[in-house]
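Derivation of every value follows stated rules applied to the coordinates shown; laboratory data play no part. Here the structure is a predicted model, which is why all the values come from computation and not from measurement. A quick note on method: Cβ atoms are made from the backbone with ideal geometry, for glycine too, and the neighbour counts reach across all protein chains shown.
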Amino acid sequence: MYVEIKTELPGPKTREIIERDARVMSPSYTRDYPLVIARGEGVAVYDPDGNKFIDMSAGIAVCATGHSHPRVVEAITKQAQNFLHMSGTDFYYESQVALAEKLVAVTPVRTGNGRKRVFFTNSGAEAVEAAMKLSRFHTGRRQFIAFYGSFHGRTMGALSLTASKMIQSKRYFPFVPGVTHIPYGYCYRCPYGQTNDPTQEDVTCNLACVRFLEDTIFRTKIDPADVAALIIEPIQGEGGYVVPPKKFLQELRNICDKYGILMVMDEIQTGMGRTGKWFASEHFGVQPDIICIAKGIASGMPLGAIVSSEELMDWEYGSHASTFGGNPVSCAAGVATVELIEESLLENARDVGELLLEQLKPLVQKYDVVGDVRGKGLMIGVEFVKDKKTKEMNPEFRNKLVMELFKQGMLILGCGSNCLRIAPALLLTREQASFAAKLIDETIGKMLK
């Protein structure tokens, strides 16, 4: 049994903790429904009242190996028994080196001499900040290109690149200067009126979203010789799990090469096997100059990183550092995580993800409120609309569905204004995937009656 609801939701013990939380925690937190986790195992989550849920969010794509995988817990315990901290900025320890060795082996960044280097951070936002600083340091240039719908983090540099939801930036102006946003390859909502299928190898339009950069931005606003980096999510996460056409990223790579602009891939949500490949950029045949990593890198322990070629990571002694970045316990968890993904979870994410996408796609024909189903591996988005012709967004239905699924025993979140975010642990089984797809289908059907 994948779900077991024993009490009303929330139950009495859960309510007591939520009431305590309300007295002391920041009101900025975005709790969509009253779930208190007491224990997790794989894709199962238990609340203090003994209710069992199937987790299709994995801590926002963080718990790649599931909740409390025994090998990850063992690695954490062993490292913690030896020592908890000895800043990797100033000293050396093996777990940091071991994880760096594994990351350089799997990251598809461009290199000249074949060697890569890693800088560790505490989070995804810090990884983006590090990529911004390295890009400026290496190129001597000042400006950045980012995309509408993007989410790169909430620290001021990362927030300056972000253009996902107004609430995320409201009242924080001025931002870090030198950032210009352009359209993303969101084929379902193409602002130029095209209707391409991003799953196809080729697109029939002229990629006006890409042409906009050269034909408008570089012609009227920015000298490309002053652009340090173009920073992009290969699949947009918070923006709605948007999968662009293959040529979108390939043409952007060509433009970067033409003007000597670094391409930074924010693979914080898409990386570490989430899409059935180590990194989503591999689906598009594009190698970035810098990759930003976090979320699934350490199965829930706080950790982030950037990886680039040795030639590019040329900042000077003391130019950038982090007291806690690459914490030894987090790195030990990261090593165990990478090993588990290598052994079976990468293949499982690809296999189970294909099954789940195949079972969800018929919802587009079955329900008028479902406008699109898209994704790669175990990163799948379902977009809800009020009208399929106008494609008017339907956030109200999405929000209600998230709550109804919670009541049915599924933990899931939204993304974008009107999309359902499906991002379970990479160990999700085919049987669990089929159960989840059926529950989503049946719940939509009941809501429409």
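Are any residues in region 274-315 more than 12 Å from Ala131 (Cα to Cα) and among the aromatic types (Phe, Trp, Tyr), and if so, which ones?
If the condition is that a residue be more than 12 Å from Ala131 (Cα to Cα) and among the aromatic types (Phe, Trp, Tyr), then Trp278, Phe279, Phe284 are the ones that fit.
Could you name every one of the helices (runs of 4 or more DSSP H) located completely within region 308-378 that has at least 3 residues being more than 19 Å from Ser68 (Cβ to Cβ)? Walk me through how you get there before you give the answer.
Numbers: elements: 328-340, 346-360, 363-366.
Per the criteria, 346-360, 363-366.
All but one of (1) among the hydroxyl-bearing types (Ser, Thr, Tyr); (2) part of a helix (DSSP H, G or I); (3) farther than 18 Å from Met263 by Cα hold for Tyr172; state the number of the condition that does not hold.
The failed condition is (2).
For Lys386, state whether it is farther than 29 Å from Glu8 by Cα and touching a His at 6+ places or on another chain (Cβ under 7 Å).
Working: farther than 29 Å from Glu8 by Cα: yes; touching a His at 6+ places or on another chain (Cβ under 7 Å): no.
In short, no.
What helices (runs of 4 or more DSSP H) completely inside region 1-110 contain at least 2 residues that are touching a residue at least 24 places away in the same chain (Cβ under 8 Å) and under 30 Å from Ser281 (Cβ atoms)?
Values: elements: 12-24, 58-61, 70-82, 94-106.
So the answer is 58-61, 70-82, 94-106.
Looking at region 155-196, which of its residues are β-branched (Val, Ile, Thr) and within 25 Å of Leu249 (Cα to Cα)? Write out each step before concluding.
Applying the first criterion (β-branched (Val, Ile, Thr)) to region 155-196 yields 155, 162, 167, 176, 179-180, 182, 195.
Listed by number, the residues that qualify are Thr162, Val179, Thr180, Ile182, Thr195.
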